[in-house]
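The values are calculated or read from the model by the stated rules, or taken from the named source; none is laboratory data. Predicted, not measured: the structure shown is a model, and the values here were computed from it. Quick reminder, even Gly has a Cβ in these numbers, built from the backbone with ideal geometry, and neighbours come from all protein chains shown. Only protein heavy atoms, including side chains, enter the accessible area calculation; ligands, DNA and RNA are left aside. Shrake-Rupley method; radii C 1.70, N 1.55, O 1.52, S 1.80 Å.
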Amino acid sequence: MNREKSISTIAEQKLCSACGICAVICPVQAIALRDTEAGFLEAAVDKDKCVDCGRCLQVCPSDSRNTEEIFHCW
């Protein structure tokens, strides 16, 4: 799994909003929302299933590269 092409870094930095878009768009069902120790949800990537397609990162609202495009739609 290429960390630059998945939402793993977003989750590790505690930026995941747990919207679930990444889990829905993943073509191989490699992403699921899980509970954190603090009782919040965050995206978790199954590294064995991930095919590095990058779709999750392209739709993630927590990725700063998507912010302008997302707000433009509103």
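Structural remarks
- Within the range 32-54, residues that are touching a residue at least 24 places away in the same chain (Cβ under 8 Å) have Cβ atoms under 8 Å from residues that are part of a loop (DSSP other than H, G, I, E, B) and open to solvent by 90 Å² or more (accessible area, probe 1.4 Å) in these pairs: E42/K14, counting only partners at least 6 apart in sequence or on another chain.
- Residues of the range 11-47 classified as within 17 Å of S64 (Cβ to Cβ) and open to solvent by 50 Å² or more (accessible area, probe 1.4 Å), total: 7
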